[in-house]
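The values are calculated or read from the model by the stated rules, or taken from the named source; none is laboratory data. What you see is a predicted model; the values in this text were computed from it and never measured. All Cβ positions, glycine included, derive from the backbone under ideal geometry; neighbour counts span all protein chains shown. Only protein heavy atoms, including side chains, enter the accessible area calculation; ligands, DNA and RNA are left aside. Shrake-Rupley method; radii C 1.70, N 1.55, O 1.52, S 1.80 Å.
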Amino acid sequence: GAGADNDLYINQAVVFIEDAIQYRSINHRVDSKSLWLYRWYYSRTCQWILSLTITVILALAFVEEPSSLTLTSDVRYRLPAWNPPCGLTESVELLCILVFLVDVSVKSYLIGWKEFWKNKWLMAYILTLIVSFADWIVSLSLFCKESVRIRRVLRPFFVLQNSSMMKKTLKSINSTLPEMASVLLLLAVHLSLFTMFAMLLFARTKDNQQDKEWVVYFRNLPDSLTSLLVLLTTANNPDVMIPAYSKNRAYSIFFILFTVLGNLFLMNLLTAIIYNQFRGYLLKSVQSSLFRRRLGIRAAFEVLSSLKETPASAQQSCVSAGALLQVLQKAEMDSHCKQAIVRSLKMCSCDQLSAAQFQKLFEELDKDAIKQHPPSPEYQSHFMQKMQFAFGHPYFGYLGNVVALANIISICVVLVMDADKQPSERDDFFLGAINCFFILYYLLEMLLKVLAMGLKRYLSYPSNRFDGLLTVILLILEIATFAVYGFPHPGWRPEFMGLLSLWDMVRLVNMLIVFRFLRIIPNMKFMALVVTTLLDLVKNLRAFAGILVVVFYAFAITGIMLFEGAVVPLGNTRRMSVCLANLKKSKLFLFLIFLIEAPFNIKKAVVLYFKEKKVISWHSAQAEVIYYLLYVLSVHLICRWAKIYFVAWWLISSVIWINLFVALLLENFIHKWDRRCQRESLSDIECQRTVELMFRDVLEEPTEEELMEKLHQHPHLHLCR
């Protein structure tokens, strides 16, 4: 019995340590069978299967009707899309639903039924599965002919419930909404007041020639609100004020005041509030993650202190070093963390560990992941030592940057000289000879750096891997060009041979050379700081990108269901002629002419549109086309209520989400800027930070009383003290 109890305590400690590493909750069953099921569920294989299932069910939207499996989106050239037979995608979807059913069943069992009824996410998970399965049955009963499929809109929920960081982010956003709502209300008041001013200022008069502003933009309340809302996004600026400005220059004051108050003050105030509030809520979320880690480690200590081998004479709870080593051998964690904990344990040189010592050992999990570069080779020859010093010096890298800049300048000069030449008149000799010279230099530079630094040290730097990979690709392309077309010579214009023409090969080489010029970034400290900030956002803030994908997916599916058949394909001339007959005298006539002409001759259509509208700016014409597309779709083809869909999309994706991203970008950049001012230069060390470590300096450690109180509230773990 004692041996079985010890094995159970060891397994409990292993699971608690793994929970601490992954910031997971420890409120789950802790008996032997449940622990085995828990570790199996969170194994890489199971989580990979679950992630694959989520990817498959989201990807079904590209195959289901209306299918997106066409090479081009142009309705004049694309072949009819392949629509799967009824039951094919539904069978795949049923398999995914069954996997999700197993997922929610295992989760519900592991946390216990009492905790299950407190978990809103699991309740929503089951409700989503029930609705999806009911909608799936309806689809099969109607032979897949239904136009509305509710389950397609619900699919992004599976992404959210599978990510704890996304849940925390949504909770933080939900807590920030009251402050955002106050600014959005102020923005709505600003919009409403200026709408009323506009309707009074641009009211209809007896002279129809002077009423262009009223006819086009401020005819009624919905049109006025739409015009100013679009102006708030600057999409119809300055078009919206041109009729009034043509009549009287003083009318521009109205539009200037609206833009200044709305864009420069209120929108930036919204960004400031979101940055201030969301940072606080994200900090609280990270604080709770730290508490989970400390709680998991303390839970492991408490169960290990219950082992039979613990000395009975000990006045306080303690854990033997041998028991901790057993736990470390079984636990899944990064090798560098495990090695660091073992080293610290050996340096401690004590057989029994107190709670404070046990907790301090696992502080290695909170430290930055540090990557040490391998040492350079040691040469015995004096000549080789000089070579190593010369080609390993930073000045040699600076010389390579100067050569790369000269290569870019030479390419620009040749491209400018050949910009107006026909392909038959172009001589590729100079560009081919220049590329050959510089690629040979890049190859020589790479080989000399490998000689000076050693292959392992050279490959340990990401910039060198980037540089070396592009150099090898450039060399292969250059050899292939010479093998197919021969060496460059004056009048070098051979006929098309192989997969690519000579000009295509040269262009590909030049594009890679331009891309290779990014190697200068690590040598420019401020630019490197900006780039590393962006890379950190990409690596560590995947939860925000995931929520953005969820928003895009949900709005895309909703838009497909709402506006299916609303826009007539341009190739359907019969339907288009009917529209022209009905709208010939309307203000949309010019835009419809643009739509008809654009597929056949875009230049003619743009010139015609510019001529009739007297617009000389491509940006303003493009904005007006987008604005009229919204108008056609929402007013003439469906109804005015369709504007709600586009306004909601603008508010969520542009106003709220972009400001959230700006807030996190600022936080990450400021944090790195402060650290740059404090840290010394670490040429041989690369530090990697996570979202949790970003706020590590300002987090508060939980107290002993808080940890023990939480442990005693555990629904399945019963401690002796």
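Which order do His190, His393, His382 take by accessible area at a 1.4 Å probe, largest first?
Per-residue accessible area, sorted high to low, gives His382, His393, His190.
For the range 116-224, what is the largest minus smallest coordinate of the Cα atoms on each principal axis, given in angstrom and ordered from greatest to least?
That works out to 67, 43, 19 Å along the principal axes.
Taking amide hydrogens as modeled 1.01 Å from N in the peptide plane, which residues meet the under 5 Å criterion relative to Leu353, leaving out close sequence neighbours?
When sequence neighbours closer than 5 places are left aside, the close amide H contacts are Val319, Ser320, Ala321.
With the Cα gyration tensor of the range 439-485 in hand, convert its eigenvalues to equivalent ellipsoid semi-axes via √(5λ) and list them largest first in whole Å.
One finds semi-axes of 24, 11, 7 Å for the range 439-485.
Enter the accessible area per residue of the range 141-291 (Å², integer; probe 1.4 Å; all protein chains in place).
Result: 50 Å² of accessible area for each residue.
Could you state the number of Å between the C-alpha centres of the range 321-344 and the range 3-36?
The range 3-36 and the range 321-344 have Cα centres separated by 16 Å.
I'd like the carbon and sulfur percentage of the solvent accessible area for the range 43-162, probe radius 1.4 Å, heavy atoms only, ligands and nucleic acids excluded.
The C+S portion of the solvent-accessible surface of the range 43-162 is 71 percent.
So what does Leu477 come to for accessible area, using a 1.4 Å probe and Å² rounded to 10?
The accessible area of Leu477 comes to roughly 30 Å².
Which net charge results when you count Lys and Arg as +1 and Asp and Glu as -1 among the other residues whose beta-carbon is under 12 Å from that of Ser139?
Here the charged neighbours net out to -2.
Applying 1/(1 + (r/R0)^6) with R0 = 30 Å to the Cβ-Cβ distance of Leu283 and Glu704, what FRET efficiency is obtained, to the nearest 0.05?
Once rounded, the FRET efficiency stands at 0.85.
Ignoring ligands, DNA and RNA, how do Phe362, Phe555 rank by accessible area with a 1.4 Å probe, largest first?
Phe555, Phe362
Could I have the simple spin-label model distance between Ala134 and Leu447, label points 7 Å from Cα toward Cβ, reported in nm to one decimal?
7.3 nm
Beyond 30 Å between alpha-carbons counts as too far, so tell me which of Lys107/Lys168; Lys330/Lys360; Lys421/Lys449; Lys360/Lys710; Lys120/Lys330; Lys118/Lys145 fall in that bin.
Lys421/Lys449; Lys120/Lys330; Lys118/Lys145
If I stretch the segment between Ile49 and Val662 completely, what's the gain in nm (0.36 nm per residue apart, minus their alpha carbon distance), one decimal?
217.3 nm
Could you compute how fast the range 43-162 diffuses translationally, taking Rh as the Kirkwood radius over C-alpha pairs and applying Stokes-Einstein at 20 °C with viscosity 1.002 mPa s? Give it in µm² per second.
Answer from the Stokes-Einstein relation: 135 µm²/s.
Can you give the accessible area of Thr72 in Å² (nearest 10), computed on protein heavy atoms with a 1.4 Å probe?
Spelled out: Thr72, probe radius 1.4 Å, area about 50 Å².
Carbon and sulfur together cover what percent of the accessible area of the range 167-218 at a 1.4 Å probe radius?
Ligands and nucleic acids excluded, carbon and sulfur give 66 percent.
Could you tell me the accessible area of Ser105 in Å² (1.4 Å probe, neighbours in place), rounded to the nearest ten?
Only protein atoms counted, so the area is about 60 Å².
Measure off 7 Å from each Cα along the Cα-to-Cβ vector at Ser252 and His712, then give the distance between these two points in nanometres to one decimal.
7.4 nm
Show Trp48, Trp657 ordered by accessible area, largest first, where the area counts protein heavy atoms only and the probe is 1.4 Å.
Trp48, Trp657
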